[in-house]
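See below for the structure under consideration.
The values are calculated or read from the model by the stated rules, or taken from the named source; none is laboratory data. It should be emphasised that the depicted structure is a prediction, and the values quoted were computed from it without experimental measurement. Cβ sites come from the backbone with ideal geometry, for glycine too, and all protein chains shown count toward neighbours. Heads up: the accessible areas ignore ligands, DNA and RNA and are worked out on the full protein's heavy atoms, side chains in. Shrake-Rupley method; radii C 1.70, N 1.55, O 1.52, S 1.80 Å.
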Amino acid sequence: MVEKNYGNPELENKLRDRNYYVTDSNKDFSAEVKKLSGTISHMCYQCGTCTGSCPSAPRSSYRIRVFMRRAILGLEEEALSDPDLWLCTTCYSCSDRCPRDILPTDVIMAMRNLAFKTGHAVPKNFLQTVQLIYKTGHGVPNNDANRAVRERLGLPRDPPTTHTYPEYIPGIQKIIDHYNLKAEADRILSEE
Amino acid sequence: MATHMEHSYAFFLGCIAPNRYPGCEASAIKTSAKLGIELLPLKGASCCPAPGAFGSIDLNVWYAMAARNLCLAEEMGKDIALICNGCYKSIWEVNHKLKHNDELRDGVNEVLAEIDMQYKGTINVWHLAELYYDDKICGVKKVADSVTRPLTGTKVAVHYGCHLMKPQKDRHFGDTENPMWLEELVGALGAEPVQYRNKMQCCGAGGGVRGYDLLHALDITNEKLINIKEAGADALTEVCPFCQLQFDRGQVEIAQNFGKKYNLPILHFNELLGLAQGMTPAELAIDLHAVDCTSFLEKIQ
Ligand code: SF4
Ligand code: SF4
């Protein structure tokens, strides 16, 4: 699993190589990205407005336009193994400005889903959120210091969510188990 | 609590507000009551779930989990009101998608059937701030009329955040390059809203980036803080507890990692409204904030 590992020379060289090799293309990947994202990624004409709008671009090697190119050309491995995939803050600035009415943000979300599905490295914190929600219903659960403050404010010590009504948690677990998500997160995190 | 208020909603809390900044929750309930808006507990709600961290892993589970929260409100027969842009992204957007996409709705209902629930598409979802701005529900004038301690003499910058208004084509807020409606609400409290460079830039925390690469996220936050300070703001207000966490705790982390100090008080719009309606800092648990708000509080005494 990555840590944001740019220290892998082989991967770095591969990602630096901007030549296009027909054999790297997987048409199914383009189709899957399009379906999962629900946006018209094939309409991209590579103008770069998205990268120009991106708060992550000036401070990293992350380029949303490059990921759009990968979506069109079906460059699955390049897209899913690139650690930059996880630097999108999902701010949707690119999506609001794209002259082709594409939602590049949703292309990134689709690629992240596919990275998880195909066993590519996924950042730990994403999987830990799954575990926390499975256990408590909350991605950010309550704690004792906060309970004391809530009481002081005249609020119940725990909010009227799954924290007060844990009888709702089994239902949540059923939903997550339906997709086998918790088991997968556990497995990947234990392989650390 | 009285049930005779004109407008009542199921109050979807999310995680960060109740579990990290309970002042946001307390002030939302009290300030809304003064505006004729009643917020009822949505029993058994969960995390929205987090659109970045959770949605990045599996969108289908994100749809189903958000749909479960929507079902709870459908069973109450109430629209949802909420105070967090991240929650808005999950709850509003999934509601919108399920209403308009039969294939998606059928898939979600297949899963929900396992826990004896069904998504029907009978309610709407609102951010409390948009309800305040809406003349049919409340309106800027009513907000102004509720003020008992005007924030006169303070300059307040606004952070809209991303997931309330963007993507523009799927939302109903109009312009996302330079919106001014939150400034109108800030002005109604007696404060002077200030404009700053690149106002619509993200806080940096979203999409799981805060957890994935903290320094990268903080660097985006830092750019915003520079621009806000340059405009001479006494405080920043926002409508998202997750942005609040990034700007508030983020300032401590920025001091540790970049050696820069801004001492910019960060207040959720409901906290700001609470102050203007006469709530005390103790009633808002302002002391829980990482950045000391004394400088701002002294200005409004
Ligand atoms: S702005 Fe739109 S058309 Fe231009 S490169 Fe980005 S995705 Fe493609
Ligand atoms: S949504 Fe992601 S790719 Fe688009 S501008 Fe924001 S950070 Fe960049």
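Observations on the model:
- For A:Asp24, the criteria (1) more than 10 Å from ligand 1 (Cβ to nearest atom); (2) free of Cβ contacts under 8 Å to residues at least 40 places away in the same chain; (3) away from chain B (no Cβ under 14 Å) hold in every case but one, which is (2).
- One residue stands out among those in the range B:183-205 that are within 14 Å of chain A (Cβ to nearest Cβ) and among the charged types (D, E, K, R): the one that is nearest to the chain's Cα centre (by Cα), which is B:Lys199.
- Residues located in the range A:41-85, provided they are among the β-branched types (Val, Ile, Thr) and within 11 Å of ligand 2 (Cβ to nearest atom): A:Thr49, A:Thr51, A:Ile64, A:Val66
- Residues being under 18 Å from the mean Cα position of the chain (by Cα) and free of Cβ contacts under 8 Å to residues at least 60 places away in the same chain - total across the range B:51-69: 2
Yes/no matrix, rows are residues, columns are (1) over 16 Å from the mean Cα position of the chain (by Cα); (2) without any contact (Cβ under 8 Å) to a residue 24 or more places away in the chain; (3) more than 30 Å from B:Thr176 (Cβ to Cβ); (4) buried (at least 22 other Cβ atoms within 10 Å of the Cβ):
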position	(1), (2), (3), (4)
A:Leu15	yes, no, yes, no
A:Asp28	yes, no, yes, no
A:Gly38	no, no, no, no
A:Thr49	yes, no, no, no
A:Pro58	yes, yes, no, no
A:Arg69	yes, no, no, no
A:Asp101	yes, no, no, no
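- Identification of helices (runs of 4 or more DSSP H) wholly contained in the range B:1-116 with 2 or more residues that are surrounded by fewer than 21 Cβ atoms within 10 Å (Cβ to Cβ) yields B:22-34, B:59-76, B:93-100, B:102-113.
So that you can scan it fast, the table gives a plain yes or no per residue for (1) over 30 Å from B:His289 (Cα atoms); (2) open to solvent by 10 Å² or more (accessible area, probe 1.4 Å); (3) at the interface with another protein chain (Cβ under 7 Å from one of its Cβ atoms):
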| site | (1), (2), (3) |
| --- | --- |
| A:Arg97 | yes, yes, no |
| A:Met111 | yes, no, no |
| A:Thr118 | yes, yes, no |
| A:Tyr134 | no, yes, no |
| A:Asp144 | no, yes, no |
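- Residue that is farthest from B:Pro241 (Cα to Cα) [pool: residues in the range B:253-276 that are open to solvent by 10 Å² or more (accessible area, probe 1.4 Å) and not aromatic (Phe, Trp, Tyr)]: B:Gly259
- The residues on offer are B:Thr152, B:Thr176, B:Thr237, and the sole one that is in a strand (DSSP E or B) and either more than 19 Å from B:Leu272 (Cα to Cα) or hydroxyl-bearing (Ser, Thr, Tyr) (or both) is B:Thr237.
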